[in-house]
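Read the structure below first, then the notes.
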Amino acid sequence: MPAHSLDPNKWVDRYSDYLFNYTIVRVNNREVANDLISETFLAALKSAKYFKGEASERTWLISILKRKIIDYYRKINSRKGKAEVKINYSDDYNEGEWLEEQVADQFDRTAEDEMENNELGLAILECLDSINEKHAEIFKRKTIDGADTEAICNEFNITPSNLWVIIHRARTALAACLEKNWF
Amino acid sequence: MSEKNYFFIDCSKAADCCNKAQYKEAKLLDKAKLYLHLVFCKTCRKFTQKNTKLTQLIKKSRIQTCPEEKKEQWRKEIKKEFAEERT
């Protein structure tokens, strides 16, 4: 019997935030990211019969998404002239200072930092997978979306003290899960 | 309530206040009580340190969630496609 099975009706709740954070750092455009995720879900449904159950659902969806991202770059790069590198002075005042202007600012955020932060984000979402689904949802609403305590209580029909107990459990579980690699 | 109990809180109240402080929802007086508790309690000092670090990590990750409308749209698309695949 395969180790993993597919449950498409749960895909959005379980994986959409993970897929979104994975995509946004690679394409840097929300609209494009949303389209690619939508295409990924549909392609996954079409090829569900080929899922062998060896990898987890998320790993499998990510492998499809990776191909969609590569296809996206192939498509935009094949448009003639779009792949040209244009070198311009940033303004008239700096004309002639091209080299100085282009030198990397060592205090600036680097692409490596960005990727590491993105990996951290994905690690957080992975850790949230291991806690109760509803608790993870409440934690995300409160911590990532920054929603009001009162609004979340109304949305999930819980009391503020329920909410803080859930937040406490989620934070403790998350800290324990991240401890090995990130603390 | 005696004056002593008013200022000295137990570990569960300290943890509660520490969690609220991560979201800037702790009252000033409760925060003062938390700091007083931390002077005496090593376990809570450790917890507070970890909890604060977690807040920093989440901020640093710049993690985002998809808007609910988008999720709803995807749910519908999947449901429709899934039903068609089955028939």
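Quick note: the coordinates plus some simple rules give every number you see, no bench work behind them. Every value quoted in this text rests on a predicted model; they were computed, and no experiment measured them. Positions of Cβ are backbone-derived with ideal geometry, glycine not excepted, and every protein chain shown enters the neighbour counts.
A few remarks follow.
- Sparse-neighbourhood loop sites, trypsin sites (Lys or Arg not before Pro) in chain B - DSSP loop, at most 10 other Cβ within 10 angstrom: B:LYS24
- Summing Lys and Arg as +1 and Asp and Glu as -1 over all other residues whose Cβ lies under 13 Å from the Cβ of B:GLU84 gives a net charge of +2.
- Dividing the Cα radius of gyration of the stretch A:131-183 by its Kirkwood radius returns 1.01 for Rg/Rh.
- Spacing of the two label points (7 Å from each Cα toward its C-beta) at A:ALA48 and A:ARG30, in nm: 3.0 nm
- A:GLU155 paired with B:PHE8, simple spin-label distance in nm, labels 7 Å along Cα-to-beta-carbon: 4.1 nm
- For chain B, the list of GluC sites (Glu not before Pro) that fall in a loop by DSSP and count at most 15 other C-beta atoms within 10 angstrom reads B:GLU25.
- Centre separation in Å (Cα based) which lies between the stretch A:16-83 and the stretch B:28-71: 33 Å
- FRET efficiency estimate (nearest 0.05) - Cβ-Cβ, A:ILE70 to A:ALA111, R0 22 angstrom: 0.75
- Rounded to the nearest 20 debye, dipole of the stretch B:3-86 from Cβ charges on Lys, Arg, Asp, Glu: 480 debye
- Per residue Cα convex hull volume in Å³ - calculated over the protein assembly as shown: 213 Å³
- Disulfide-incompatible cysteines by the Cβ rule (no partner under 4.7 Å) in chain B: B:CYS11, B:CYS17, B:CYS18, B:CYS66
- Counting, for every residue in A:14-24, the Cβ atoms of other protein chains within 10 Å of its Cβ and taking the mean gives 3.
- Prolate/oblate/rounded label for the stretch A:1-82 (Cα gyration tensor, a/c 1.5): prolate
- Calculated on the Cα set of the stretch B:3-86, radius of gyration then Dmax: 21.3, 69 Å.
- Nearest-0.05 FRET efficiency for B:LEU29 and A:SER5, computed from C-beta distance (R0 30 Å): 0.05
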